[in-house]
């Protein structure tokens, strides 16, 4: 099965799909080893990990698809990739969709922010008008229908700029156009989350950003509200950052860091045992 087919199969199963966020091949492999059925590669985390810069449209298509290719090739689970605004005009959107499909993504997310975009839980967001939003999603759908083996997720940030009613109209129209999943970014409370889920058909994604604008709810409650997917896009990065800062503080103070994983565990995760076995095939006596 292709990554897209595996994600379609997950969407057809009962229950909510929990997807932690990855930002490199190692984090993706840890998600897979922990038993999660899928992962999400977000622009915030990749921008932070790869270029050490904010998610304000500074990272490029080439950098995102390159990082995504490494992630998708490191795991067998389907990965959803953040395609931002599609990186240009409608033909750029089509190139982006095809590029993400070729990289191995199961789904690409395209949004209606003005380019350069920014993280949905930070200041200064702007969205294109309704017709421009639809004109951005249509070429993504056409690329999928034209042979790109990938699902399309349409994201709207209009709740912050135009209000909830406009955001729901956009999401509902995206479904009518033929997208596979919708995502209303940054609902402010459960009432807004419920209004979105009740007002828009099809699979919907919830975004759990710690200390963000949306309340962080248990997955069971999100499922009851009407969500099919829940992502945790920066949780692993926040956890890893705290652990690395603690380790650095210990080293700076002349102490050995506590709570480290075993070196043997790291060798196992990156595949040394499999490498040694494969190496034997080509050994020369």
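The values are calculated or read from the model by the stated rules, or taken from the named source; none is laboratory data. Source: prediction; values computed, not measured. All Cβ positions, glycine included, derive from the backbone under ideal geometry; neighbour counts span all protein chains shown.
Would you point out which residue out of 118, 144 is surrounded by 21 or more Cβ atoms within 10 Å (Cβ to Cβ), within 22 Å of the chain's Cα centre (by Cα) and in a helix (DSSP H, G or I)? Steps first, answer last, please.
Working: 118 fails: in a helix (DSSP H, G or I).
Sole residue among the options that is surrounded by 21 or more Cβ atoms within 10 Å (Cβ to Cβ), within 22 Å of the chain's Cα centre (by Cα) and in a helix (DSSP H, G or I): 144.
Pull up the range 1-17, narrow it to residues that are touching a helix residue (DSSP H, G or I) at 6+ places or on another chain (Cβ under 8 Å) and surrounded by fewer than 16 Cβ atoms within 10 Å (Cβ to Cβ), then point me to the one that is nearest to residue 226 (Cα to Cα). Spell out how you get there, then give the answer.
Within the range 1-17, the subset touching a helix residue (DSSP H, G or I) at 6+ places or on another chain (Cβ under 8 Å) is 1, 3-4, 15-17.
Those still in the list that are surrounded by fewer than 16 Cβ atoms within 10 Å (Cβ to Cβ) too: 1, 15.
Details: 1: 27, 15: 10 Å.
Among those that are touching a helix residue (DSSP H, G or I) at 6+ places or on another chain (Cβ under 8 Å) and surrounded by fewer than 16 Cβ atoms within 10 Å (Cβ to Cβ), it is 15.
Note on the range 153-210: residues that are within 13 Å of residue 226 (Cα to Cα) and assigned to a helix (DSSP H, G or I) amount to 10. Once the range 71-102 is narrowed to residues that are crowded, with 16+ Cβ neighbours inside 10 Å and over 29 Å from residue 129 (Cα atoms), the residue that is nearest to the chain's Cα centre (by Cα) is 79.
Residues that are buried (at least 17 other Cβ atoms within 10 Å of the Cβ) and either part of a helix (DSSP H, G or I) or touching a helix residue (DSSP H, G or I) at 6+ places or on another chain (Cβ under 7 Å) (or both): does the range 245-261 have at least one?
Restricting attention to the range 245-261, the residues satisfying the condition of being buried (at least 17 other Cβ atoms within 10 Å of the Cβ) are none.
Looking through the range 245-261, none of the residues is buried (at least 17 other Cβ atoms within 10 Å of the Cβ) and either part of a helix (DSSP H, G or I) or touching a helix residue (DSSP H, G or I) at 6+ places or on another chain (Cβ under 7 Å) (or both).
Looking across the range 1-35 at every residue that is free of Cβ contacts under 8 Å to residues at least 60 places away in the same chain and under 14 Å from the mean Cα position of the chain (by Cα), the one that is farthest from residue 265 (Cα to Cα) is identified as 24.
Yes/no per residue for (1) in contact with a strand residue (DSSP E or B) (Cβ under 9 Å, 6 or more places away or on another chain); (2) at pLDDT 95 or above; (3) surrounded by fewer than 23 Cβ atoms within 10 Å (Cβ to Cβ); (4) closer than 20 Å to residue 128 by Cα:
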site: 171; (1), (2), (3), (4): yes, yes, no, yes
site: 176; (1), (2), (3), (4): no, yes, yes, yes
site: 184; (1), (2), (3), (4): yes, yes, no, yes
site: 192; (1), (2), (3), (4): yes, yes, yes, no
site: 206; (1), (2), (3), (4): yes, yes, no, no
site: 229; (1), (2), (3), (4): yes, yes, no, no
site: 235; (1), (2), (3), (4): yes, yes, yes, no
